[in-house]
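Student: Pasting a structure below so you can have a look.
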Amino acid sequence: MSRMMFVNLPVKDLDRSMAFFKALGFEFNPQFTDETAACMIVSDTSFAMLLTHPKFAKFTPKPVADAKAATEVLTAISFESREKVDAIVDAAVKAGGREFREPEDHGFMYQRSIEDLDGHIWEVFWFNPDAVAAA
């Protein structure tokens, strides 16, 4: 069995967060989605669990971080082309998020960053696998 990864993120308004990520083209697994949590499908083996603050707090004795005040994680997701990176960032801004910093173009890799409605930072990038294999 392939390894699976689940990133758990606290969100203030689950319905609003789901609408934001749906606007970026992501789908949710209804089997693991209810009024306190939503399982966003990133790939066949990667998922982001969007959890309400009370639900998230059940998994840790530490206070839930305010991602608008401090960075607790940087989540990076690759896409199939530079154009798709631009489309995702443009959709995020249109859906209420914001571009977090200037784009970076390294030739073999193109990256942009967005901040979602709760302040979580998402690194959206494309890279040329042939350039990586040659290195």
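Student: Determine whether THR36 is outside the structural domain of ALA92 (by TED's automatic domain parsing), over 22 Å from GLU72 (Cβ atoms) and without any contact (Cβ under 8 Å) to a residue 60 or more places away in the chain. Spell out the reasoning first.
Tutor: Numbers: outside the structural domain of ALA92 (by TED's automatic domain parsing): yes; over 22 Å from GLU72 (Cβ atoms): no; without any contact (Cβ under 8 Å) to a residue 60 or more places away in the chain: yes.
Answer is no for this residue.
Student: Here's another thing I want to ask about it. When you scan region 61-104, how many residues do you find that are without any contact (Cβ under 8 Å) to a residue 60 or more places away in the chain and surrounded by 11 or more Cβ atoms within 10 Å (Cβ to Cβ)?
Tutor: Matching residues across region 61-104 total 27.
Student: Among the residues of region 34-60 satisfying the criterion of being under 17 Å from the mean Cα position of the chain (by Cα) and among the polar types (S, T, N, Q), which is surrounded by the most Cβ atoms within 10 Å (Cβ to Cβ)?
Tutor: If we take residues in region 34-60 being under 17 Å from the mean Cα position of the chain (by Cα) and among the polar types (S, T, N, Q), then THR52 is surrounded by the most Cβ atoms within 10 Å (Cβ to Cβ).
Student: In region 1-50, which residues are farther than 22 Å from ASP90 by Cβ, modelled with pLDDT of 95 or more and among the small types (Gly, Ala, Ser)?
Tutor: ALA37, ALA38, SER46
Student: Right, something else. With ALA70, ALA76, ALA87, ALA57 as the choices, which residue is under 12 Å from LEU9 (Cα atoms) and small (Gly, Ala, Ser)?
Tutor: Criteria check complete, one pass: ALA57.
Student: For region 68-82, does any single residue satisfy the condition of being within 16 Å of ARG16 (Cα to Cα) and of a type outside the set (Val, Ile, Thr)?
Tutor: no
The values are calculated or read from the model by the stated rules, or taken from the named source; none is laboratory data. Treat the numbers as computed from the prediction; the structure is a model and nothing was measured. So basically every Cβ, Gly included, is an ideal-geometry build from the backbone, and we count neighbours across all protein chains shown.
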